[in-house]
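Structure first, commentary second.
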Amino acid sequence: MKSSLYIVFSAISAASAHYTFPALIANGATTSQWQYVRMTANHYSNGPVTDVTSSAIRCYQDPSNPTTQTMTVAAGSTVGFTAVSSITHPGPLQFYMAKVPEGQTAATWDGSGDVWFKIYAQGPTISSSGMTWASQGKTSVDVTIPKSLPSGDYLLRIEHIGLHSASAAGGAQFYISCAQLTVTGGGTGSPSPLVAFPGAYKATDPGLMINIYYPVPTSYTLPGPAVWTG
């Protein structure tokens, strides 16, 4: 009986240490959970994606919930996600976007192909005592939509990577959500470089296979392409 209770308690503890990004923060308000954010397959378990070759690495979408709405935001405005319950693990925070092709909408497009570009990346602060991560402990995070981004429908992908167990290939934990946006008032920028999910990462990338504790790394290489600065 005691062993059964221990197993249950351990499972609950593991789930509580994980997190999701279920709600969009835009136009000065926090929306309902999964209203403008595609419901992720971990919406009950909070468990991460660990296989970078899986299609789940794109949006981690639960296909049984196809009713996500699309939020209209202005280029140059700030958009964010809530983190439930909070970002507990150490690791980098990154945001990507992908422009929806002609003839499709943010609600119908699956985000496949070399279409994703990075608009923000936050790595660690490194000292002799260890690596610290600005996003750890936060209950919401945000990003500025580039002012020069052309108007149109987009997917906005948030990615936080837990590196606490990343000393071996496949140990990095990806916490992902995709929101559906219509961007207005945009410019004439040409986002690049473009990558695909899956495809942008390898399990052995130096930013994904790393012991962040000992010996303390002297540098950190963010996975994926460079940030498009507009």
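Laboratory data are not the source of any read-out in this text; all were calculated from the coordinates shown. These figures come from a predicted structure and were not determined experimentally. Don't worry about glycine lacking a Cβ; one is built from the backbone with ideal geometry, like all the others, and counts go over all protein chains shown.
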With criteria (1) of a type in the set (S, T, N, Q); (2) assigned to a loop (DSSP other than H, G, I, E, B); (3) closer than 19 Å to PRO223 by Cα, GLN94 comes up short on (2)
Given (1) without any contact (Cβ under 8 Å) to a residue 60 or more places away in the chain; (2) more than 29 Å from THR31 (Cα to Cα), GLY171 misses just (1)
Exception for PHE197 within (1) under 26 Å from ILE25 (Cα atoms); (2) without any contact (Cβ under 8 Å) to a residue 60 or more places away in the chain; (3) aromatic (Phe, Trp, Tyr); (4) part of a loop (DSSP other than H, G, I, E, B) falls at (2)
In the set PRO124, PRO146, the lone residue that is out of contact with any Asp or Glu (no Cβ under 6 Å at 6 or more places or on another chain) and either farther than 21 Å from ALA26 by Cα or among the small types (Gly, Ala, Ser) (or both) is PRO124
When the range 36-61 is checked residue by residue, the ones that are closer than 12 Å to PRO22 by Cβ and surrounded by fewer than 16 Cβ atoms within 10 Å (Cβ to Cβ) are TYR44
Among (1) surrounded by fewer than 16 Cβ atoms within 10 Å (Cβ to Cβ); (2) out of contact with any strand residue (DSSP E or B) (no Cβ under 6 Å at 6 or more places or on another chain); (3) touching a residue at least 60 places away in the same chain (Cβ under 8 Å), GLN180 falls short only on (1)
Residue hits (the range 33-54; within 14 Å of the chain's Cα centre (by Cα) and of a type in the set (S, T, N, Q)) are THR40, ASN42, ASN46, THR50
Given the conditions (1) over 12 Å from the mean Cα position of the chain (by Cα); (2) within 23 Å of MET39 (Cβ to Cβ); (3) not polar (S, T, N, Q), every one holds for HIS164 apart from (2)
Checked the range 78-91 for anything among the small types (Gly, Ala, Ser) and crowded, with 16+ Cβ neighbours inside 10 Å; matches are GLY80, ALA83, GLY91
